[in-house]
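Asker: Pasting in a structure now, in structure tokens, and then I'll have a few things to ask.
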Amino acid sequence: MAEADGSSRAFLGLSDVSISADIPVEGDISMPPTSSSKDDGFSTLDEPVKDTVLRDLKAVGNKFVHVLYPKKSKALLRDWDLWGPLLLCVTLALLLQGGSVDSKDDGGPQFAEVFVIIWFGSLIITLNSKLLGGTISFFQSLCVLGYCIMPLTVAMVVCRIVLLGGSGTVSFVVRLVVVCASFGWSTFASTAFLADSQPQNRKALVVYPVFLFYFVIGWMILTFAPAQ
Amino acid sequence: MDNTDELKFQDFGTASNLLSFDQDAQTVAVSDSLASLSEEEDVKLDLNEDEEGLENSKLLGEAPTGGFWTFDYYQSFFNVETVQVMDRLKGSVMPIPGRNFVKHYLRNKPDLYGPFWICVTLVFSVAISGNLSTFLSQFGDQTYHYRPQFHRVTIAAIVIFMYASLVPLCAWGFLTWRGGAEGQMGCYTFLETVCVYGYSLFIFIPTSLLWIIPLEWLRWLLILVSTVVSGSVLVFTFLPVVRDHTRLTATTTLLTILVLHSLLAIGCKMYFFHTAVHMAAPATTPMPMMTTQVTQAH
């Protein structure tokens, strides 16, 4: 009996409780409604498509604004996306079409050539920056380089409008000024994001390929010759 | 009785004789006996450095971390600073007869950044300058319709990248084979050879920009100057390596290097900067034929 008392002392509190069928058990086992909003990945399935598209468009638009007023901001780097670069690349490549009609060999860049230059160029610059020991991630760098093509795309639109009015010396000078300004803007905007990720003694090594990349794109825009 | 023969003093000759017999031998410098032989001290120093070069070439480079499939392997080739790259660029345009580009500037730290971006810049500068010079040469011509000629970029890229990768491969292979066959001091590593060739192409970038000026004598003068400068960088680099080969092999090797280099320069000039005369001629001849066909149709 002493051992039974010793063992039952451990379960002292429970000895009074008897679980029987006539004690009602009640409660609520449904999940509280507040926890579903913490987990966006699951709840975005139920939202209307319009919301999803608008959210992505807002993110893309936000980054365009960041390129227009380049100041050091972590937002563009943290939430990278490649929709903007794709849109800009396709727009630029389409606008560079419709050049000289008899362009068997001697014409401007083909659609695929523009695509290859932009994407392979961004890839090589990103690899270069990573190999030199940069702290920026691969896709963040692609994102920044792609978004900073925006001033050059705007310059292409302006150039085509100017060319509608004729292709004399005046239009050439106007186009030259516009392309130079947008090239400078693109380079400045992208180095504002990229150069910070490098140590001081290698900044120029990273900035030069970016300069070359936008220079080549600017050259393609400037030498666009419409069909006559 | 045989033991006394072995215990007799044996004359191995002086260290200099042994050194000339087998130049790869490790030597321990004893300062008082070798102080007078200053030339051979220099030879020994070169040997030590080249022995390191031999070991490095066996390890495919500068003992990089990891295999060639890891990212760190390639990161070791980009371990340069802005100041170093600027130094190497300066060294490639100012060749000094005593200075070996590899020993003086690279110092066992070759990089791939310089050669790669110099080649890319050269591709675009040659294509763009060629386009500009074609445009300028036909500026007054009313029938000329400007064309961007973008296919030239592709051709320039193929030519220049193949030159900058295949010719160093052949040079390195040949020199290593000769060096190995004759048991003498080895050649530079493959990466150092690629590096020298890449940096030696740097002078062609301002040359191609100056080629826009449409004066034929100026263009040929520029070709001469730039080929001499970059060729001499290559010659001064490879001279110590071929010095021990037979005279014929040495001169043939150096001449081949120079000839290939000047072929590249002349080829670029001829293809990308040909004057308007060639382009105008085929354009005018089809036109009379077309007009005669039109008149015959009526």
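The values are calculated or read from the model by the stated rules, or taken from the named source; none is laboratory data. Everything quoted here is computed from the prediction, not taken from an experiment. Here the Cβ positions follow ideal geometry from the backbone for every residue, glycine too, while neighbour counts run over all protein chains shown.
Asker: Scan region A:214-228 for residues that are part of a helix (DSSP H, G or I) and within 10 Å of chain B (Cβ to nearest Cβ) and report the count. I'd like the intermediate steps shown before the answer.
Answerer: Step one: list which residues in region A:214-228 are part of a helix (DSSP H, G or I), which gives A:214-222.
Narrowing the set further to residues that are within 10 Å of chain B (Cβ to nearest Cβ) leaves A:215-216, A:219-220, A:222.
Looking only at that region, the number is 5.
Asker: For region A:129-176, how many residues meet the condition of being closer than 30 Å to B:Asp72 by Cα and among the basic types (Lys, Arg)?
Answerer: Summing the residues that are closer than 30 Å to B:Asp72 by Cα and among the basic types (Lys, Arg) in region A:129-176 gives 1.
Asker: Which of the residues that make up region B:212-252 are among the hydroxyl-bearing types (Ser, Thr, Tyr) and buried (at least 19 other Cβ atoms within 10 Å of the Cβ)? First the steps, then the outcome.
Answerer: Looking only at region B:212-252, we keep the residues that are among the hydroxyl-bearing types (Ser, Thr, Tyr), and these are B:226-227, B:230, B:232, B:237, B:246, B:249, B:251-252.
Scanning region B:212-252 gives B:Ser226, B:Thr227, B:Ser230, B:Thr237.
Asker: Moving to a separate point now. Go through region A:103-213 and tell me which helices (runs of 4 or more DSSP H), entirely inside it, have 1 or more residues that are farther than 28 Å from A:Pro226 by Cβ. Explain how you work it out, then say what you get.
Answerer: Numbers: elements: A:111-131, A:138-147, A:150-164, A:169-194.
Helices (runs of 4 or more DSSP H) meeting the threshold: A:111-131, A:138-147, A:169-194.
Asker: Can you tell me which of (1) touching a helix residue (DSSP H, G or I) at 6+ places or on another chain (Cβ under 7 Å); (2) under 30 Å from B:Asp72 (Cβ atoms) is the one B:Gln138 doesn't meet?
Answerer: Checking B:Gln138 against (1) touching a helix residue (DSSP H, G or I) at 6+ places or on another chain (Cβ under 7 Å); (2) under 30 Å from B:Asp72 (Cβ atoms), the one that fails is (2).
Asker: Could you tell me whether A:Gln97 is away from chain B (no Cβ under 13 Å), polar (S, T, N, Q) and out of contact with any Cys (no Cβ under 7 Å at 6 or more places or on another chain)?
Answerer: Details: away from chain B (no Cβ under 13 Å): no; polar (S, T, N, Q): yes; out of contact with any Cys (no Cβ under 7 Å at 6 or more places or on another chain): yes.
Spelling it out, it is not the case that A:Gln97 is away from chain B (no Cβ under 13 Å), polar (S, T, N, Q) and out of contact with any Cys (no Cβ under 7 Å at 6 or more places or on another chain).
Asker: Does A:Lys50 meet the test of being modelled with pLDDT under 85 and exposed (fewer than 11 other Cβ atoms within 10 Å of the Cβ)? Break it down into steps so the answer makes sense when it comes.
Answerer: Details: modelled with pLDDT under 85: no; exposed (fewer than 11 other Cβ atoms within 10 Å of the Cβ): yes.
No.
Asker: Among (1) more than 14 Å from chain B (Cβ to nearest Cβ); (2) at pLDDT 85 or above, which single condition is A:Lys71 missing?
Answerer: Unmet condition: (2).
Asker: Report, ordered by the first and then the second residue, all pairs with beta carbons closer than 7 Å, sequence separation of six or more or different chains, a first member in region B:66-92 that is within 9 Å of chain A (Cβ to nearest Cβ), and a second member that is small (Gly, Ala, Ser).
Answerer: If the second residue must be small (Gly, Ala, Ser), the pairs left are B:Thr82/A:Ala204; B:Val85/B:Gly114.
Asker: Within region A:160-167, does at least one residue satisfy the condition of being more than 13 Å from chain B (Cβ to nearest Cβ), touching a residue at least 40 places away in the same chain (Cβ under 8 Å) and among the aliphatic types (A, V, I, L, M)?
Answerer: Taking region A:160-167 first, the residues more than 13 Å from chain B (Cβ to nearest Cβ) are A:160-162, A:164-166.
Right, trim to touching a residue at least 40 places away in the same chain (Cβ under 8 Å) and you get A:160.
Now drop any that are not among the aliphatic types (A, V, I, L, M), which leaves none.
So far as region A:160-167 goes, no, none of its residues is more than 13 Å from chain B (Cβ to nearest Cβ), touching a residue at least 40 places away in the same chain (Cβ under 8 Å) and among the aliphatic types (A, V, I, L, M).
Asker: Limited to region B:147-161, what total is found for residues that are at the interface with another protein chain (Cβ under 8 Å from one of its Cβ atoms) and charged (D, E, K, R)?
Answerer: Number of matching residues: 1.
Asker: Of all residues in region A:190-227, which are of a type outside the set (A, V, I, L, M, F, W, C), under 22 Å from B:Pro148 (Cβ atoms) and over 24 Å from the mean Cα position of the chain (by Cα)?
Answerer: So in region A:190-227, the residues of a type outside the set (A, V, I, L, M, F, W, C) come out as A:190-191, A:196-203, A:208-209, A:214, A:218, A:223, A:226.
Restricting the remaining residues to those that are under 22 Å from B:Pro148 (Cβ atoms) gives A:214, A:218, A:223, A:226.
Result: A:Thr223, A:Pro226.
Asker: Filter region B:84-131 down to the residues that are β-branched (Val, Ile, Thr) and in a helix (DSSP H, G or I) and list them by number. So that I can check it myself, show each step before the final result.
Answerer: Within region B:84-131, the first condition is being β-branched (Val, Ile, Thr), and the residues that meet it are B:85, B:93, B:96, B:102, B:118, B:120-121, B:123, B:126, B:128.
Across region B:84-131, the qualifying residues are B:Val85, B:Val93, B:Val102, B:Ile118, B:Val120, B:Thr121, B:Val123, B:Val126, B:Ile128.
Asker: Out of region B:125-146, which residues are more than 8 Å from every other protein chain (Cβ to nearest Cβ) and either crowded, with 19+ Cβ neighbours inside 10 Å or in contact with a strand residue (DSSP E or B) (Cβ under 6 Å, 6 or more places away or on another chain) (or both)?
Answerer: Of region B:125-146, the ones more than 8 Å from every other protein chain (Cβ to nearest Cβ) are B:125-127, B:129-130, B:132-144.
Matches in region B:125-146: B:Ser125, B:Val126, B:Ala127, B:Ser129, B:Gly130, B:Ser133, B:Thr134, B:Ser137.
Asker: A further question on this structure: Any chance region B:94-101 includes a residue that's under 19 Å from B:Phe77 (Cα atoms) and within 13 Å of chain A (Cβ to nearest Cβ)?
Answerer: Looking for residues that are under 19 Å from B:Phe77 (Cα atoms) and within 13 Å of chain A (Cβ to nearest Cβ), one finds none in region B:94-101, hence no.
Asker: Residues of region A:170-206 being within 11 Å of another protein chain (Cβ to nearest Cβ) and either over 22 Å from B:Tyr113 (Cα atoms) or at pLDDT 90 or above (or both), which ones? Don't jump to the end; show me each part of the working.
Answerer: Let us first name the residues in region A:170-206 that are within 11 Å of another protein chain (Cβ to nearest Cβ), namely A:172, A:198-206.
Across region A:170-206, the qualifying residue is only A:Phe172.
Asker: Quickly run through region B:102-116 and pick out the residues that are touching a Gly at 6+ places or on another chain (Cβ under 9 Å), without any contact (Cβ under 8 Å) to a residue 60 or more places away in the chain and within 12 Å of chain A (Cβ to nearest Cβ).
Answerer: Those that are touching a Gly at 6+ places or on another chain (Cβ under 9 Å), without any contact (Cβ under 8 Å) to a residue 60 or more places away in the chain and within 12 Å of chain A (Cβ to nearest Cβ): none in region B:102-116.
Asker: Further question on the same structure: Under the condition of being closer than 16 Å to A:Leu88 by Cβ and not aliphatic (A, V, I, L, M), which residue from region A:194-224 is surrounded by the most Cβ atoms within 10 Å (Cβ to Cβ)?
Answerer: Among them, the one singled out is A:Tyr214.
Asker: Pull up region A:109-134, narrow it to residues that are more than 9 Å from chain B (Cβ to nearest Cβ) and buried (at least 18 other Cβ atoms within 10 Å of the Cβ), then point me to the one that is farthest from B:Asp111 (Cα to Cα).
Answerer: Ranking the candidates gives A:Val114 first.
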